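Peer 1: Okay, here's the structure, questions in a sec.
The values are calculated or read from the model by the stated rules, or taken from the named source; none is laboratory data. Source: prediction; values computed, not measured. Note: ideal-geometry Cβ built from the backbone for every residue, glycine included; neighbour counts use all protein chains shown. Side chains are part of the model used for accessible areas, which takes the heavy atoms of the whole protein and leaves out ligands, DNA and RNA. Shrake-Rupley method; radii C 1.70, N 1.55, O 1.52, S 1.80 Å.
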Amino acid sequence: MFQHRSSALRGFRQAVYTGFSTVAVTVAAVCLLSVAACGEAPRLNAGDAVVDDFGDTLRLAAAPSRVVSLNPVTTELLFALGAGDRLVGRTSWDLYPEAARAVADVGNGMGPNVEVVLGQRPDLVLLYASESNRLAIQQLRAAGVQTLTHRTDRIADLQRVIPVIAAALGVDSVGRLVADSVHASVESVRALPRPAEPARAYWHIWDAPIMTIGGGSYLSELLEVAGAANVFGDLEQPSPQVSLEEIARRDPDVLLAGPLAAERIRRTPGWRAVRAVREGRIVVIDTTIVGRPGVRMGEAARFLRLHIVDSIGRPR
Amino acid sequence: MKLHVWLALVLLLLVAVVLGVLGGPVPLAATEVWSALRGVGDATQLAIVQNLRLPRVALGVAVGAGLAASGTALQATLRNPLAEPYLLGVSGGAAAGAVAAVTLGLSSALLLPLFAFAGAVVAVVIVLLVARAVSGHADPRVLLMAGVVVGAFCTAVIMVALATAPENTVRGALWWMMGSLGDAQWRSLRWVALYVAIGIALLVWWSRDVDVLALGEDAAASLGLPVERVTRRIYLTASLLAAATVAGAGLIGFVGLIVPAIARALGARNTRQAVVAAALAGAALVVLADLAARTLLRPAELPLGAVTAIIGVPFFLWRLRSAR
């Protein structure tokens with residue numbers, strides 16, 4: 001399960017994705033407040049107009065047959081919707097499911113090389129809604145290719161994104177099924193008995209500079225779902241930079257890190273300032289599952305519940 | 001230099017070291033720090049003082065002393081007050097080496113400094129070869145020009161590497177290039193300290209030759225000094241000294257530029273005094289700048305290279321104005 005050699009890097013990449021998201025935080029917050037609106041997918045029909053997170057309009061016509069996805073979250077979603085066979089391009093980071101690996105790699109997904117994307121002759125391109133993608137979106141549209149741009153930064157975002165993409169692909173009913181099952185799997189973890197005091201976790205994203213997750217991030221939300229708390233939850237940025245000394249002071253019960261980073265933390269003497277490291281409480285995570293607010297986030301929440309709350313709890 | 005100036009420099013360094021160990025993002029009382037130094041206290045406090053702050057301050061002393069001494073020797077030998085490792089391609093070579101390590105996926109704490117050092121050595125050797133090919137001997141002006149050009153080439157190599165690398169890699173490399181003492185560990189510190197000690201000792205040992213060089217090449221040659229060999233020897237030693245500090249802590253600019261100016265302003269009468277005075281002042285400056293870097297924006301850390309530049313540039317401009 002934890003064999004991906006560069007999953008720590010991909011985890012960081014997700015943090016970068018998350019970093020672009022100040023506006024999305026507001027969108028997600030509004031969504032969270034109106035659970036009903038998010039829980040029930042809007043119904044879309046052929047001829048309807050779909051508006052994406054950049055305010056661009058896509059008029060649903062014939063379902064696209066050649067899709068390029070420049071966001072790991074939408075790549076996984078495409079396969080979950082049963083439309084994986086329409087995928088003709090993905091980013092270097094999209095390695096799940098297995099079938100996605102066979103699809104052409106068109107680059108790292110942020111500020112993409114438009115010519116390479118067009119070379120795949122797509123009729124729809126899915127992108128992450130970051131400023132670095134704006135120029136590419138204009139160029140793709142000018143070339144007559146439809147685009148859908150979404151911020152996928154928070155748990156609630158997926159409930160907003162799934163119906164739009166499912167509608168664009170002409171698989172609305174499957175979309176509702178997928179959205180419901182993702183929602184249900186996350187809520188099933190949230191519904192488990194809560195510990196009286198949540199385990200306090202430090203989530204390691206990057207070594208130099210040391211970066212963690214702040215309160216405004218999907219991973220922080222996921223910790224709450226699992227019944228744990230983020231020791232840096234009071235910081236507003238999605239991926240703030242912190243000092244080792246400050247981590248030691250906040251004294252988390254457990255550290256979460258990708259396999260390579262966990263090894264570095266164990267080896268580096270300075271990290272012994274953190275009690276959880278001295279006492280060996282490091283949980284190695286597969287950042288390709290736990291790091292992405294995608295269709296597998298129920299699985300991610302269950303993993304955290306099992307490895308933080310059920311096995312470590314609150315050892316004080 | 002007068003005795004009280006020396007005492008003041010030593011005292012300044014001591015104060016900087018004490019402040020560096022006392023201060024940090026986590027407030028610890030002086031008594032707690034003192035107990036931790038003697039091995040008494042809870043494990044977290046012990047680790048913060050012994051594994052985080054002490055190696056950081058020690059690395060700051062080594063890096064600051066090394067950069068300042070190197071800058072002083074380079075300025076004296078090349079007879080140009082602007083000469084410093086940054087300008088001469090040494091830092092550029094080290095940065096290119098480090099970026100190469102990162103893009104090859106070899107960015108471990110052990111390999112990154114080795115690649116940086118190798119990059120710096122390659123850059124210095126190329127500068128020396130170019131200088132020899134152009135002028136037939138180690139002409140200071142040609143050395144400077146070759147250094148600038150090789151530095152520019154290294155920047156281009158870095159840009160190519162970063163343009164084709166994924167942004168996570170870029171971030172790690174950029175952070176490293178901004179300079180930081182955050183990776184200080186006793187194990188890696190040992191060889192940086194050894195290198196700096198040997199480098200400064202050699203520069204002090206040869207400083208008499210530099211003083212003779214300062215009389216002008218012809219005068220020095222007529223006094224029996226092998227001008228070319230001396231220039232090359234000191235250039236190489238000072239560059240390798242700077243390369244070791246860059247390998248230990250990334251790129252920390254302006255220390256090698258402004259501290260030698262301070263040493264001269266304090267009244268250093270010859271190269272030997274200037275090198276030693278600059279080493280003391282440079283060590284104090286880097287330790288204090290690092291203290292600022294890790295406390296000003298708590299819980300985040302500022303890049304040390306940015307702090308030294310923010311202190312260094314206005315100071316340098318002010319010096320330029322008063323020198324007019």
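Peer 1: How large is the helix-only mean residue ellipticity at 222 nm for the protein assembly as shown, computed as the sum of -39500 (n - 2.57) over DSSP H runs with n ≥ 4, divided by its residue count, in deg cm²/dmol to the nearest 500?
Peer 2: -18500 deg cm²/dmol
Peer 1: Can you tell me the Rg and Dmax of chain B, counting just the alpha carbons, in angstroms?
Peer 2: Looking at chain B, its Cα Rg and Dmax stand at 19.8, 66 Å.
Peer 1: Let me ask something else about it. In degrees between 0 and 90, to the nearest 10, how far off the longest principal axis of chain B does helix B:255-265 point, with axes built from Cα atoms?
Peer 2: 70
Peer 1: For B:57, B:122, give the ranking by accessible area with the largest first, probe 1.4 Å.
Peer 2: B:122, B:57
Peer 1: Another one. Hey, what angle do you get for helix B:186-205 against the long axis of chain B, alpha-carbon based, 0 to 90 degrees rounded to 10?
Peer 2: For helix B:186-205, the angle is close to 30 degrees.
Peer 1: I need the shape label for the range B:142-233. Rule: rounded when a/c is under 1.5, else prolate if a/b > b/c, else oblate, with a, b, c from the alpha carbon gyration tensor.
Peer 2: In terms of gyration-tensor shape, oblate.
Peer 1: Turning to a different aspect of this structure: So, with a 1.4 angstrom probe, what is the percent of accessible area on the range B:1-154 that is carbon and sulfur?
Peer 2: 76
Peer 1: If DNA, RNA and ligands are ignored and the probe is 1.4 Å, what is the ranking of B:34, B:186 by accessible area, most exposed first?
Peer 2: Highest to lowest solvent-accessible surface, that is B:34, B:186.
Peer 1: Over all Cα pairs of the range B:42-119, how is the pair count split among 10 Å bins, expressed in % and running from 0 up to the last occupied bin?
Peer 2: Percent of pairs per bin, in order: 17, 29, 33, 16, 4, 0.
Peer 1: Considering every Cα-Cα pair within the range A:183-316, what fraction, in whole percent, is farther apart than 23 Å?
Peer 2: When every Cα pair of the range A:183-316 is considered, 26 percent fall beyond 23 Å.
Peer 1: Work out how far the C-alpha atoms of the protein assembly as shown reach from end to end along every principal axis, then list the three figures in whole Å, largest first.
Peer 2: 93, 60, 42 Å, listed from the longest principal axis down.
Peer 1: Which whole-Hz couplings ³J(HN,Hα) result when phi for each residue of the range A:290-295 is put into the Karplus expression 6.51 cos²θ - 1.76 cosθ + 1.60, θ = phi - 60°, listed in order with x for Gly and Pro?
Peer 2: After applying 6.51 cos²θ - 1.76 cosθ + 1.60, I find 6, x, 10, x, x, 5 Hz.
Peer 1: Note the per residue figure in Å³ for the convex hull of the C-alpha positions in the range A:170-245.
Peer 2: About 113 Å³ per residue, rounded to a whole number.
Peer 1: Follow-up question, since we're still on this one. Determine the per residue accessible area of the protein assembly as shown with all protein chains present and a 1.4 angstrom probe, expressed in square angstrom.
Peer 2: Roughly 41 Å² per residue, with all protein chains present.
Peer 1: Would you calculate the separation in nanometres between label points at residue B:214 and residue B:313, each defined as 7 Å from the Cα along the Cα-to-beta-carbon direction?
Peer 2: Simple spin-label model gives 3.1 nm for this pair.
Peer 1: Go through B:316, B:39, B:262 and say which Cα lies farthest out towards the positive end of the charge dipole of chain B; charges sit on Cβ, +1 for Lys and Arg, -1 for Asp and Glu.
Peer 2: Final value for the positive-end residue is B:262.
Peer 1: Right, next: Identify, among A:262, A:206, A:303, the residue whose Cα sits farthest towards the positive end of the charge dipole of the range A:167-316, taking +1 on the Cβ of Lys and Arg and -1 on the Cβ of Asp and Glu, with the dipole about the Cα centre.
Peer 2: A:262
Peer 1: Another question, if that's okay. At the nearest 100 Å², what buried accessible area, both sides summed, do you get for B and A when the probe is 1.4 Å?
Peer 2: Summing both chains' loss of accessible area gives about 2300 Å².
Peer 1: Further question: Could you work out what % of the accessible surface of the range B:170-305 is carbon and sulfur, using a 1.4 angstrom probe and leaving DNA, RNA and ligands out of the count?
Peer 2: Exposed carbon and sulfur together represent 63 percent of the surface.
Peer 1: While we're looking at this one, here's another question. Work out which residues of the range B:288-308 lose at minimum 50 square angstrom of accessible surface when the other protein chains are put back, relative to the chain isolated, with a 1.4 angstrom probe, and list them by number.
Peer 2: Residues losing area: B:299.
Peer 1: Right, another one. Specify which residue in the list B:219, B:206, B:185 is farthest towards the positive end of the charge dipole of the range B:175-249, using unit charges on the beta carbon of Lys, Arg (+1) and Asp, Glu (-1), about the Cα centre.
Peer 2: The residue sitting farthest along the positive end of the dipole is B:185.
Peer 1: Among the residues of the range A:215-254, which ones have their accessible area go down by 10 Å² or more when all the protein chains sit together, as opposed to their chain alone (1.4 Å probe)?
Peer 2: Residues shielded by partner chains are A:235, A:241, A:242, A:243, A:244, A:245, A:246, A:248, A:249.
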